Amino acid sequence: MKKLSLSHFVACAILVCLGMTAKAQGNRISVADFGLKPDTRENAVPYVIKALEACKKSSDITLVFPKGRYDFWPHHCIEREYFESNTTDINPKRLAVLIDFFDGLTIDGEGSDFVFHDRMQPFTIDNSKNVVIRNLTIDWDIPLTAQAVVKAATEQYIDLEINYFESPYIIENGKLVFVGEGWKSAWGGTMEFDKDTRNVVPQTGDPGCLRPHGDYRAEELAKGLVRINFPYTRKPAVGNLLVLRHSERDHAGVFIIDSKDIRLENIDMYHNAGLGVLSQYSENLVFTNVKCIPNEAKGRILAGHDDGFHYSNCKGDVVVDKCVFHALMDDPINVHGTSVRIIERFDDRTLVCKFMHNQSVGMTWAQRGDKVGFIDNKTLQTIAEGTVEKYRKIDNENFEVTFRQPVPKAIVEGNALENLTWTCNVSITDSYFKSCRARGVLISTPGKVVISGNTFESSGSAILIAGDANQWYESGAVKDVLITRNIFNDPCMTSMYQFCEGIISIFPEIPSKNAKTPPFHRNIVIRDNEFHPFDYPVLYAFSVDGLEFSGNKIIRSNRYEPFHPRKFGLTFEGCRRVTVKDNKAEGDVLGKNIRLVNTPKRECTVEKGDIFKITATN
């Protein structure tokens, strides 16, 4: 008989204890069962991999992290190739926590801090359903962007105080270059925040922000004090906070792909390596009390690297409730599809197409049975629809799609396709859009959209409804939008960014503006909101059929100086069936006027007693 060693008995005892623990806790497993303890700074990655493997043996299981700090290092990370929308194609991606092929999993951090190191993706949910992540924070000790305090600003130089321990840097060939845990990245752009309000400083948007001009010269005056030698025409104010942008957006904070019925709850996302939560070709997504905000306990104004929530080609219901966004380096929420260009008619039913934007390549754009719209890229009109029979990838940029029916002869090379199956309904409620770079909410989806009960303090437009098949290739004409009971405070439209033509800007990119072309968007209702404009433009609407602006209260703010070139409160260009009624004003509101451009006067009904009057037509 073989003699068993003491270590064998110990191993068996551990296995028995683990089984008893799991049984005692029902469908709850703790990472502590696998040897991971909080607050040790030990790499959590290998322990979490083992814990998730064990979770796959049960259904509807909760993996618990006892409250504390957990550190995730790149060593032992699973690496996979992912083509992530609006993200730089740097592969493979490093995956700290990979949830793949699960049906029924909850990760509960119990209030824990998840701290990441180097460039990686905190959470990836792939081909899974019924997944919940809740009760945790996401942050980096050495963030993938930096910040500084302005100590001096003269005609020839600007002095910056940088936390050298949080954002290590070197001066290389006279340039400011940040270095981290395995990476090096040169300063590439800046956001300026007021030291008191923590808002983006007015009129410092993309045209007016501090940039590292090629002939600037950096020198270190003392450790953590850097002088930027350059005669900037617009100087930041002494004492203000600067976010010094650098590095690529190469990993999302949470990446959700090919998944369904996903919930994120009670998560503070203090930082990430790219987009905050990127959802791609997924269905039914609910985010509640998720905050993309700076870690104020560390004295930071920097937050996420780019967008907060980005939904690319999703379907079903997208729900955002009680979420907060502040100091992001791009739009808090962006919902869109991906249009692609036709580069060849292979035969009557087959088209060769190309992903045109370099940050939207490699995706599986369609699958058999998907409904597709054929778009005239010059007018953005959908000429016809078809059903996909076959999809074949050629390379990361090009693919073939074969349809069940012949492609209309009017469709030619240079036109575009839009996947109409992968479009979603959107509900954004009771959320707070504090000052971030660019806009607040971007919506390009034909599903039902409700934006209600939110507070907007975006530095650019609060809401942008776009549409494009020529530049960004973010598709989706809206058909049913309700914007109601929101408050638009005076930080809105304090800086200029692309498409910022009003607090609410409806601005599809249509190259051929023809008065006879039917409008692109339709059925948009803006009702019972409260606006606090300091400037003229409240609403700019281009190419809408069926637009109502009613029951809104416009309250003049005098906190900032007007600057916008558009001197009308409401502008309707190329619109049909417009109704303006029951709007009220408080104070000396600047823009009580309406301008009609290629919009016949008969198409704009302004009811008696409304504060707005048509004063210009052309």
Restricting to region 22-49, count the residues that are part of a loop (DSSP other than H, G, I, E, B) and either hydrophobic (A, V, I, L, M, F, W, C) or over 20 Å from residue 132 (Cβ atoms) (or both). 9
From 443, 411, 451, grab the single residue that is touching a residue at least 40 places away in the same chain (Cβ under 8 Å) and within 29 Å of the chain's Cα centre (by Cα). 443
Of the residues in region 205-245, those that are among the aliphatic types (A, V, I, L, M), touching a residue at least 60 places away in the same chain (Cβ under 8 Å) and under 20 Å from residue 305 (Cα atoms) come to 241, 242, 243, 244
Could you grab the pairs with beta carbons closer than 7 Å, sequence gap of 6+ or different chains, first residue in region 110-129 and open to solvent by less than 30 Å² (accessible area, probe 1.4 Å), second one in a loop (DSSP other than H, G, I, E, B) and among the hydroxyl-bearing types (Ser, Thr, Tyr)? 125/259; 126/259; 128/259
Provide a single number: the residues in region 338-360 that are under 26 Å from the mean Cα position of the chain (by Cα) and charged (D, E, K, R). 2
Spot the failing condition for residue 258; the list is (1) surrounded by fewer than 22 Cβ atoms within 10 Å (Cβ to Cβ); (2) free of Cβ contacts under 8 Å to residues at least 60 places away in the same chain, and only one is missed. (2)
Just wondering, is there one or more residues in region 301-319 that are hydrophobic (A, V, I, L, M, F, W, C) and under 15 Å from residue 123 (Cα atoms)? yes
If residue 519 satisfies every condition in (1) open to solvent by less than 10 Å² (accessible area, probe 1.4 Å); (2) closer than 19 Å to residue 602 by Cα; (3) not in a strand (DSSP E or B) but one, which is the exception? (1)
Checking residue 107 against (1) without any contact (Cβ under 8 Å) to a residue 60 or more places away in the chain; (2) surrounded by fewer than 17 Cβ atoms within 10 Å (Cβ to Cβ); (3) farther than 15 Å from residue 246 by Cα, which test does it fail? (2)
Does residue 578 qualify as being touching a Leu at 6+ places or on another chain (Cβ under 8 Å), within 24 Å of residue 479 (Cα to Cα) and modelled with pLDDT of 95 or more? yes
Among 569, 609, 574, 591, the single one that is crowded, with 19+ Cβ neighbours inside 10 Å and out of contact with any strand residue (DSSP E or B) (no Cβ under 7 Å at 6 or more places or on another chain) is 591
Within region 333-387, of all residues that are without any contact (Cβ under 8 Å) to a residue 24 or more places away in the chain and either part of a strand (DSSP E or B) or closer than 17 Å to residue 423 by Cα (or both), the one least open to solvent (accessible area, probe 1.4 Å) is 386
Which of the strands (runs of 3 or more DSSP E) found entirely inside region 407-491 contain at least 3 residues meeting this: farther than 18 Å from residue 293 by Cβ and of a type outside the set (Phe, Trp, Tyr)? 416-419, 424-429, 448-452, 463-465, 480-484
Among residues of region 531-545, those that are in a strand (DSSP E or B) and of a type in the set (Gly, Ala, Ser), counted: 1
Of the residues in region 279-297 that are out of contact with any Asp or Glu (no Cβ under 9 Å at 6 or more places or on another chain) and not acidic (Asp, Glu), the one that is surrounded by the fewest Cβ atoms within 10 Å (Cβ to Cβ) is 297
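Give the residue that is modelled with the lowest pLDDT, with candidates limited to residues of region 62-95 that are acidic (Asp, Glu) and within 25 Å of the chain's Cα centre (by Cα).
Within region 62-95, the match that is modelled with the lowest pLDDT is 89.
Tell me, yes or no, whether region 73-89 has at least one residue that is among the aliphatic types (A, V, I, L, M), within 14 Å of residue 48 (Cα to Cα), open to solvent by less than 10 Å² (accessible area, probe 1.4 Å) and part of a strand (DSSP E or B).
Checked region 73-89: no residue is among the aliphatic types (A, V, I, L, M), within 14 Å of residue 48 (Cα to Cα), open to solvent by less than 10 Å² (accessible area, probe 1.4 Å) and part of a strand (DSSP E or B).
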Of the criteria (1) aromatic (Phe, Trp, Tyr); (2) open to solvent by 40 Å² or more (accessible area, probe 1.4 Å); (3) more than 19 Å from the chain's Cα centre (by Cα); (4) over 19 Å from residue 572 (Cα atoms), which one residue 536 fails: (4)
Considering residues of region 158-176 that are out of contact with any Leu (no Cβ under 7 Å at 6 or more places or on another chain), surrounded by fewer than 21 Cβ atoms within 10 Å (Cβ to Cβ) and touching a residue at least 24 places away in the same chain (Cβ under 8 Å) only, the residue farthest from residue 94 (Cα to Cα): 174
Which residues, taken from region 218-240, are among the small types (Gly, Ala, Ser) and either modelled with pLDDT under 95 or under 34 Å from the mean Cα position of the chain (by Cα) (or both)? 218, 224, 237, 239
Would you check which residues across region 50-61 are in a helix (DSSP H, G or I) and either modelled with pLDDT under 95 or open to solvent by less than 30 Å² (accessible area, probe 1.4 Å) (or both) and list them? 51, 52, 54, 55
If we scan region 471-492, do we find a residue that is within 18 Å of the chain's Cα centre (by Cα), open to solvent by 10 Å² or more (accessible area, probe 1.4 Å) and under 19 Å from residue 332 (Cβ atoms)? yes
Of 276, 304, which residue is at pLDDT below 95 and open to solvent by less than 10 Å² (accessible area, probe 1.4 Å)? 304
Checked region 412-440 for anything surrounded by 24 or more Cβ atoms within 10 Å (Cβ to Cβ) and among the acidic types (Asp, Glu); matches are 418
Any residue at all in region 546-564 that's more than 21 Å from residue 598 (Cα to Cα), assigned to a loop (DSSP other than H, G, I, E, B), touching a residue at least 12 places away in the same chain (Cβ under 8 Å) and among the small types (Gly, Ala, Ser)? yes
Of all the strands (runs of 3 or more DSSP E) wholly in region 267-331, which have at least 3 residues that are farther than 23 Å from residue 185 by Cβ and over 13 Å from the mean Cα position of the chain (by Cα)? 283-292, 315-321
Scan region 135-149 and report the pairs whose first residue is outside any loop (DSSP other than H, G, I, E, B) and whose second residue is of a type in the set (D, E, K, R), with Cβ atoms within less than 7 Å and a gap of 6+ or a chain change. 135/108; 135/110; 137/113; 137/268; 139/113; 147/300; 148/161; 149/161
Suppose the filter is open to solvent by 40 Å² or more (accessible area, probe 1.4 Å) and either without any contact (Cβ under 8 Å) to a residue 12 or more places away in the chain or not polar (S, T, N, Q) (or both); does residue 507 pass it? yes
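The values are calculated or read from the model by the stated rules, or taken from the named source; none is laboratory data. Treat the numbers as computed from the prediction; the structure is a model and nothing was measured. Cβ: placed from backbone, ideal geometry, glycine included. Neighbour counts: every protein chain shown. Surface accessibility is based on the protein's heavy atoms, side chains included, excluding ligands, DNA and RNA. Shrake-Rupley method; radii C 1.70, N 1.55, O 1.52, S 1.80 Å.
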